[in-house]
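Remarks on the structure that follows.
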Amino acid sequence: MSRIIIAGGGLSGSLAALALARRRPRTELLLVEQGETFGGNHTWSFFESDVPPKVRWVLQGVEATHWPAHEVHFPRRSRKIDVGYTGIRSIHLDDAVRAGLRPEQFRLNARIQAVEPCAITLDGETIEADAVIDARGPSSMSGLELGWQKFVGRYYRFPRPHGMSLPIIMDATVEQVDGYRFIYQLPVSPTDLLIEDTYYSRTPVLDQAALRGRIDQLAMRLGGGSPEVLDEESGVLPIVLGGDVETLWRSGQVARLGLRGGFFHPTTSYSLPDAVANAALLAQQDELTSEALHAVFHKRAQQLWQDRAFFRLLNRMLFYAAEPDQAYRVLEHFYRLPPAVISRFYAAQLSGFDKVRIFSGKPPVSIGRALSALRRSAA
Ligand SMILES: Cc1cc2nc3c(=O)[nH]c(=O)nc-3n(C[C@H](O)[C@H](O)[C@H](O)COP(=O)(O)OP(=O)(O)OC[C@H]3O[C@@H](n4cnc5c(N)ncnc54)[C@H](O)[C@@H]3O)c2cc1C
């Protein structure tokens, strides 16, 4: 019987623990989280096609909201795309972990001081295991060339129905500020709506007050009456332009999951699909030792880094090939493609032909700038 410690009960650590508890019930498991709850305060969303049917079981028992389609809006293109979309709130991940693990399998309010391949230090006490998995969220990403996706989102409750039924993943008809900017809206019920103001930027500095003001104004204009604010979330997510994923894996021989191991989509920063796939992969390992798990997930991070080079190139286009107020044209051009290609883009499963199609057609930005963006620190 193996003893596994998962350091960090956020998205990737919680899903890994749930998968082990379900598929490897004889494993002695300990999930350690510094917060009072699992998962922090997020709404994680993903497209239907991001999570293949064979790994869906990982999300069983986690309450979710599903929509059959979603919309995008640009100055010269609006589309309803018949690809389903799902949203999961942290509170429901927390419920699932508490229901899925036995009390002795987790600790909350427990800040880990040190992580080693076969031990963690907690309040001066050392707890040993056959393997420790580090899922403590983002660490220093100094070896990566990054841009940022920044947002503030607010959950509003309207006195009357707001009238929206499908998520709007990107509404880029708004004023462009700093870089590619769009509004994201999730109608979680006829009267409740999440509105996020999101933009891509060269700096991680987030002016929360300004974004809050903008989404409040938008909410007031929706026609459901004066809304009450139920909750707020914000994020500054990495968009990878170049560098080397090895820098995330340089220190120590500890297996990593989630953002800490570089497991996220380079263009959207979504990490839920990778977290689900990794949890399933973990549960099917024969050897649950620190050496074996480090080798499996390190190799997977290297492989994904190699497979996803195209997305880093696309990111450089988004950041360098257009003036910040014109960057939306890259996405507007992309959204002319069929739903199947769009789905494969979000699932980071593009074929060679898909990649050609993305760059075909009338270029959305100047060719000279595009070529110089492509030449920049390609990695
Ligand atoms: C508001 C927000 C919305 C997002 N929306 C989406 C989305 O829609 N879809 C998507 O796929 N991605 C989304 N992301 C991006 C990404 O999926 C999340 O950031 C995701 O939570 C990352 O998972 P993780 O497990 O790597 O890190 P986290 O979920 O951040 O988990 C790390 C955990 O480790 C704990 N921890 C850290 N240090 C210690 C310590 N020393 N001791 C004990 N515990 C520790 C933290 O408290 C935290 O709970 C979003 C991010 C944010 C911020």
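Bear in mind these aren't lab numbers, they're just calculated from the coordinates by the rules spelled out. For clarity, every value in this text was computed on a predicted model and none was experimentally measured. Cβ atoms come from the backbone with ideal geometry, glycine included; neighbour counts cover every protein chain shown.
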Stretch gain in nm, segment Asp325-Met164, where the contour uses 0.36 nm per residue and the Cα spacing is subtracted: 55.2 nm
Neighbours of Thr268 by Cβ distance under 14 Å: Lys/Arg at +1, Asp/Glu at -1, summed charge +1
Would you kindly state how much longer the chain becomes between Val356 and Arg3 on full extension, computed as 0.36 nm times their sequence separation minus their alpha carbon distance, in nm to one decimal? 122.4 nm
Full extension between Ala99 and Gln34 adds, at 0.36 nm per residue less the Cα distance, a length in nm of 21.5 nm
Please build a GNM for the chain, connecting alpha carbons under 10 Å apart, and tell me which residue among Pro238, Pro117, Pro53 fluctuates the most. Pro53
How far is it, in nm, from the label point at Ala295 to the one at Ser251 when both lie 7 Å from their Cα along the line to the Cβ? 2.6 nm
Once both label points are put 7 Å beyond Cα along the C-beta direction, the Gln306-Arg23 separation in nm becomes 2.3 nm
If one builds a Gaussian network model of the chain from Cα atoms under 10 Å apart, the most fluctuating residue listed among Thr289, Thr37, Thr191 is Thr191
In nm, give the distance between the simple-model label positions of Ser139 and Ala119, each being 7 Å from the Cα along the Cα-to-Cβ direction. 1.8 nm
GNM top mover of Ser189, Ser251, Ser201 - the chain, alpha-carbon springs below 10 Å: Ser251
Per residue of segment 33-41, what does 6.51 cos²θ - 1.76 cosθ + 1.60 with θ = phi - 60° give for ³J(HN,Hα)? Whole Hz please, x for Gly and Pro, Karplus curve as stated. 10, 6, x, 7, 9, 8, x, x, 10
Once Lys and Arg are counted +1 and Asp and Glu -1 for all other residues with Cβ under 14 Å from that of Arg56, the total becomes +1
Go through segment 339-356 residue by residue and turn each phi into a ³J(HN,Hα) via Karplus (6.51, -1.76, 1.60, θ = phi - 60°); whole Hz please, and just put x for glycine and proline. x, 5, 6, 4, 4, 5, 4, 5, 7, 6, 10, 5, 7, x, 5, 4, 5, 4
Distance between segment 33-82 and segment 300-367 - C-alpha centres, whole angstrom: 21 Å
Once phi is turned into ³J(HN,Hα) by the Karplus curve 6.51 cos²θ - 1.76 cosθ + 1.60 with θ = phi - 60°, what whole-Hz value does each residue of segment 282-287 show in order, with x for glycine and proline? 4, 5, 9, 6, 6, 10
Show the residues, 5+ positions off or on another chain, whose built amide H is closer than 5 Å to the amide H of Ala110. Glu33, Gln34, Gly35
Sequence-distant or interchain residues sharing an amide H contact under 5 Å with Ala69, placed H: which? Tyr85
